[in-house]
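Contents: one structure, followed by commentary.
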Amino acid sequence: MTLEAINVHHGYGNETVFEGVSLTVTPGEVVGIIGPSGVGKSTLLRLLALFDAPNQGSISYENEDVWQVSEQQRLEYRRQIGMVFQEASLFDASARRNAEYGLRVRQSWTDRLRHELSSLVGKTNGTGDAIEALDTVGLREKVDQDASSLSGGEAQRVAFARALAYEPDILLLDEPTSDLDPRNTAVIEDAVLEAKKRGIGVVIATHDMHQAERIADRVAVLLENDIIEVGDTETVFENPT
Ligand code: ADP
Ligand code: ADP
């Protein structure tokens, strides 16, 4: 599924953050948004996550303007999008429960009922995806460990696993490794490439150009008020504007 920002203008109050930004993400590609702090990377991701409507321009999903469809339809679109923030927000339960959380909210009540029934008869319940996702971020051994006893890097890996377990079409990552050491960063970067392999379209905001070079197929350079270049990662880095 293709998610697009088309000629988007946005700001807060009288403050303009950017004008005329366009960006597309298609299945199985990683798009990096790079630029210094404060230029609007988070703002753009929030628009792509359908949290906020842009002041001008449109956000489209499968070629539908997401702010022109019904609330119900928008919610359906919203469900195809996973997001990971700079800081993991986990609740006080095991890594597994945390990774399952996205699945639980997404499940329809019929699925939930089936889930309750299957656990009553002692069958395995639908936690396979969560465990597989925790495996992808190298935490298979820690599935039953309490979130509060995980390191910051491990907690962020659980947050990433939660987004993966949700099986989104699109994954939006807002500076997911800014607070992490190189080892944890490498795990997350590998997991991003795994998500890409599964056909997920990924958008990652980062102030780390090297990170974009390592994992992005295309990059958008966001500087004050505008995206100045969107292109193939190698081309953008070879011809700095
Ligand atoms: P980051 O730069 O790590 O993405 P944030 O997105 O949280 O951090 O914030 C970026 C800037 O936006 C900060 O200077 C913050 O003070 C400001 N900011 C965030 N939320 C608000 C808000 N609700 N009102 C005013 N300023 C905000
Ligand atoms: P980045 O992610 O690139 O650091 P942001 O999108 O967080 O940038 O912020 C872009 C600008 O918008 C900043 O000037 C910030 O202070 C402002 N801003 C962000 N969120 C809010 C908000 N909720 N209310 C008011 N201003 C905000």
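Here, each number is a calculation from the coordinates, and none is a lab measurement. In this text the structure is predicted, and so the values were computed from the model without any measurement. Here the Cβ positions follow ideal geometry from the backbone for every residue, glycine too, while neighbour counts run over all protein chains shown.
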Amide H neighbours of F18 at under 5 Å, excluding residues fewer than 5 places away on the same chain, with H built from the backbone geometry, are H10
One quarter of the C-alpha convex hull surface, i.e. the mean projected area of the chain in nm², amounts to 13.7
Of 208-217, 6-15, 156-165, ordering from highest average Cβ density within 10 Å down gives 156-165, 208-217, 6-15
Between the alpha carbon centres of the range 188-210 and the range 35-86 the gap in Å comes to 18
Scalar couplings 3J(HN,Hα) for the range 83-95 by Karplus 6.51 cos²θ - 1.76 cosθ + 1.60 (θ = phi - 60°), nearest whole Hz, x for Gly and Pro, are 9, 10, 9, 4, 10, 5, 10, 9, 9, 6, 6, 5, 4
Diffing the range 177-193: the Karplus 3J(HN,Hα) column from phi (6.51, -1.76, 1.60, θ = phi - 60°), in whole Hz with x for Gly and Pro, holds 10, 4, 9, 9, 7, x, 5, 5, 4, 5, 5, 5, 4, 4, 5, 4, 5
Sequence order, the range 159-165: Karplus ³J(HN,Hα) from phi using 6.51 cos²θ - 1.76 cosθ + 1.60, θ = phi - 60°, Hz rounded, Gly and Pro as x, gives 4, 5, 4, 4, 5, 5, 4
Over the Cα atoms of the range 120-209 the radius of gyration and the largest Cα-Cα distance (Dmax), both in Å, equal 13.7, 52
Percent relative contact order for the chain, counting Cα pairs under 8 Å at least six residues apart, stands at 30
Proxy exposure order for R198, R96 (fewest C-beta within 10 Å first) is R198, R96
Within the chain, pairs of Lys residues whose Cα atoms are less than 27 angstrom apart, provided they are eight or more positions apart or on distinct chains, add up to 5
Amide H contacts under 5 Å for I33, restricted to residues at least 5 apart in sequence or on another chain and with H modeled in the peptide plane, are I204, A205, T206, A220
Here the percent of antiparallel bridges among DSSP beta bridges lying wholly in the range 155-241, to the nearest 5, is 55
So for the range 16-64, using the alpha carbon gyration tensor with a ≥ b ≥ c as root eigenvalues (a/c under 1.5 gives rounded; past that, a/b versus b/c decides prolate or oblate), I'd call it oblate
Across the alpha-carbon set of the range 19-98, Rg over Rh with Rh taken as the Kirkwood radius works out to 1.00
Taking every DSSP bridge whose two residues both lie in the chain, the antiparallel percent to the nearest 5 is 50
